[in-house]
Amino acid sequence: MRWDAQRTANADEALPGLELGAIPGLTRSVRTPEFAGVTFHEVRCRSALNRVPAASAMPFRWTVNPMRGCVHACVYCFARPTHEYLELGPGADFERQIVVKTNVAEVLRAEVRRAGWAREHVALGTNTDPYQRPEGRYRLMPGIIDALASSGTPVSILTKGTLLRRDLPLLQDAAQQVPVGVGVSIALVDGELQQLLEPGTPTPRARLELVRAVREAGLPCGVMVAPVLPWVTDGAEQLDALLTELADVGASGVTVLPLHLRGPVKPLFLDWLARHRPALVGRYRRLYGEGAYVPQEYATWLREQVRPLLVRHGFASPAGHREGRPDQWHTRWDRGLERTAVAEPAVVQAALF
């Protein structure tokens with residue numbers, strides 16, 4: 001990496017337990033004016049491919065994460081707890097202490113060339129975003145894409161990062177060799193709300209134009225409308241406005257998922273509500289209770305809310321469609337609802353090909 005005005009971080013800015021020289025792999029910690037308040041911890045990883053546990057029920061078995069932590073700083077991000085494995089916090093540390101695997105493409109290339117590699121689908125963007133802004137400097141993704149495509153390995157990418165535009169020619173070339181899927185995450189079209197919830201991400205309009213660019217490049221581009229926030233972004237008019245935009249830019253499919261609040265993400269999100277939507281704090285406490293997921297009644301209501309909109313905009317077949325119930329669920333939020341486990345939301349990659 002060559003950054004102007006970069007400097008090595010002080011010792012007290014290094015990762016707890018990963019001080020320079022203490023553990024093989026960490027080469028240096030760097031700060032730069034371009035990312036005020038962010039420290040990049042550059043490591044040389046020993047492996048690039050991550051095996052997904054079969055019990056997770058994910059529609060893929062392998063992932064690659066070029067970085068840990070994410071400057072997108074999405075308040076609701078489900079990946080925040082993974083920073084605790086580094087003895088870092090899921091809050092500000094997740095956004096400001098970014099671990100960068102500088103040799104990830106080199107290691108991946110060696111792994112996918114092994115005789116035992118079965119060329120199974122590899123998903124990127126399942127934990128932290130591979131096209132967050134630091135990728136513009138580290139340029140890890142071109143090598144990753146090439147390593148996978150040249151080995152005959154199908155690849156899918158889920159991102160909020162418009163930097164993916166840079167690599168569209170590479171993805172077009174890769175698609176001549178292996179199945180390639182692209183997904184973009186767009187939860188809402190309200191720019192003010194986006195800045196409060198996802199302060200480090202490109203604007204909704206920029207991401208919509210990214211979808212258009214991917215489609216014009218001849219690649220499939222599904223959109224994950226997630227997370228849908230109860231009482232904040234789940235209104236029929238809001239969802240209809242977003243789906244109208246997605247149809248206009250040519251999205252090849254849409255997946256809609258409600259917010260889930262696992263582990264330390266819940267108190268972080270409740271703190272956000274207390275600052276920006278204080279009237280909803282009690283409702284969220286009752287809705288989520290001690291769990292991480294919405295009750296089955298809400299999940300069913302959301303599906304019935306979304307289904308006619310998906311049909312209207314061409315993202316679902318009208319076959320078997322019934323008009324949804326009247327919008328009554330919000331008037332029953334304080335009832336004692338039976339909590340039913342909702343499956344861990346599968347990432348959109350499975351539908352990207």
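The values are calculated or read from the model by the stated rules, or taken from the named source; none is laboratory data. In this text the structure is predicted, and so the values were computed from the model without any measurement. In this analysis, Cβ positions are derived from the backbone assuming ideal geometry, glycine residues included, and neighbour counts consider all displayed protein chains.
Considering only region 222-234, I want to know if a residue exists there that is part of a helix (DSSP H, G or I) and either in contact with a Gly (Cβ under 6 Å, 6 or more places away or on another chain) or touching a residue at least 24 places away in the same chain (Cβ under 8 Å) (or both). No, region 222-234 has no match at all. Taking residue 220, is it out of contact with any helix residue (DSSP H, G or I) (no Cβ under 7 Å at 6 or more places or on another chain), farther than 17 Å from residue 71 by Cα and modelled with pLDDT of 95 or more? Against the criterion (out of contact with any helix residue (DSSP H, G or I) (no Cβ under 7 Å at 6 or more places or on another chain), farther than 17 Å from residue 71 by Cα and modelled with pLDDT of 95 or more), residue 220 qualifies. Of the set (1) within 15 Å of residue 186 (Cα to Cα); (2) aliphatic (A, V, I, L, M); (3) not in a helix (DSSP H, G or I), all apply to residue 241 but (3).
Checking 21, 25 one by one, the residue that is among the small types (Gly, Ala, Ser), at pLDDT below 90 and farther than 25 Å from residue 122 by Cα is 21 and no other.
Yes/no matrix, rows are residues, columns are (1) within 30 Å of residue 250 (Cα to Cα); (2) buried (at least 18 other Cβ atoms within 10 Å of the Cβ); (3) at pLDDT below 50:
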{"site": "267", "(1), (2), (3)": "no, no, no"}
{"site": "279", "(1), (2), (3)": "no, no, no"}
{"site": "282", "(1), (2), (3)": "no, no, no"}
{"site": "286", "(1), (2), (3)": "no, no, no"}
{"site": "313", "(1), (2), (3)": "yes, yes, no"}
{"site": "350", "(1), (2), (3)": "yes, no, yes"}
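Does any residue of region 185-193 turn out to be surrounded by fewer than 15 Cβ atoms within 10 Å (Cβ to Cβ) and not polar (S, T, N, Q)? Yes, the conditions are met somewhere in region 185-193. Quick check on residue 211: is it in a loop (DSSP other than H, G, I, E, B), buried (at least 19 other Cβ atoms within 10 Å of the Cβ) and β-branched (Val, Ile, Thr)? No: the conditions fail for residue 211. The lone criterion from (1) crowded, with 20+ Cβ neighbours inside 10 Å; (2) of a type outside the set (A, V, I, L, M); (3) within 18 Å of residue 171 (Cβ to Cβ) left unmet by residue 234 is number (3). Applying a threshold of 7 Å to beta carbon distances and a minimum spacing of six or more residues, or different chains, the list of pairs starting in region 302-319 at a residue that is in a helix (DSSP H, G or I) and ending at one that is surrounded by fewer than 17 Cβ atoms within 10 Å (Cβ to Cβ) and modelled with pLDDT of 95 or more reads 305/236; 309/240.
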